[in-house]
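The values are calculated or read from the model by the stated rules, or taken from the named source; none is laboratory data. Quantities reported herein were computed from a predicted structural model and do not represent experimental measurements. The accessibility values were calculated without ligands, DNA or RNA, using every heavy atom of the protein model including side chains. Shrake-Rupley method; radii C 1.70, N 1.55, O 1.52, S 1.80 Å.
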Amino acid sequence: MFDGFWQNISRYPRYFITIVLGIFLNAFAPLAPLFKRPVTAIALIGIFIGTIVFITFTLRAMLGIDPI
């Protein structure tokens, strides 16, 4: 009844990593050509940093975390 149970369970982390990598590759593949020009690369990096800062400030405000 439980033949190969732990072997089957041990496959889930590999499956999870494969799914996450596939999502990231499909999400960022269209942006790769934009990094060839310096102007668009700087703009994309600025948007990425701005998004991270916005999410950080929003979560700090929502959770009531004091600024450092």
Somewhere in segment 47-68, is a residue among the charged types (D, E, K, R), at negative phi and part of a helix (DSSP H, G or I)?
yes
Leading residue by the ranking (most open to solvent (accessible area, probe 1.4 Å)) among those in segment 1-37 that are over 28 Å from residue 47 (Cα atoms) and part of a loop (DSSP other than H, G, I, E, B)
1
